[in-house]
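The values are calculated or read from the model by the stated rules, or taken from the named source; none is laboratory data. Keep in mind that what you see is a predicted model, and the values were worked out from it rather than measured. Please note: Cβ atoms are built from the backbone with ideal geometry, for glycine as well, and neighbour counts cover all protein chains shown.
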Amino acid sequence: MQRPFVHPTIEDIKLETILYALSDRARLEIVRKLTAGGCPMNCSTAAPVHLPKSTQSHHYQVLREAGLIRSERRGTEVVNTLRCTEISERFPGLIPAILKAADLCD
């Protein structure tokens, strides 16, 4: 049996954990794709294609544990959605500001 995904409650999400999760280019790219897609995406669609599946899994775990995404198993695939509404309530404007700043640095 597969282990269930653990998602922190919105009260347990910390700013420094979000910043750490988004400090990696691959994870930032995943969040960008999820933001642009506007709907749930499976892991292989949102992750950079050059990464091995084990590395992709690690990045999704970091994003999930930071509270940025919610993962759900649907058959054999895992579908991820951003927790934008919840995060915006706790940290207003944070995700758009990080994405905008990252775009300026690229």
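Here the condition is being β-branched (Val, Ile, Thr) and over 24 Å from Gln2 (Cα atoms); of Ile69, Ile18, Ile30, it holds for Ile18 alone.
None of Val49, Val79, Val6, Val62 is among the β-branched types (Val, Ile, Thr) and in contact with a Pro (Cβ under 7 Å, 6 or more places away or on another chain) except Val79.
So Val79 ticks every box in (1) assigned to a strand (DSSP E or B); (2) loosely packed, with under 11 Cβ neighbours inside 10 Å; (3) among the β-branched types (Val, Ile, Thr) but one. Which box is left unticked? Condition (2) is where Val79 drops out. Taking each residue of segment 43-60 that is within 15 Å of Val79 (Cα to Cα) and part of a helix (DSSP H, G or I) and looking for partners that are among the small types (Gly, Ala, Ser) and modelled with pLDDT of 85 or more with beta-carbon atoms closer than 7 Å, six or more apart or interchain, yields His59/Ala26; Tyr60/Ser71.
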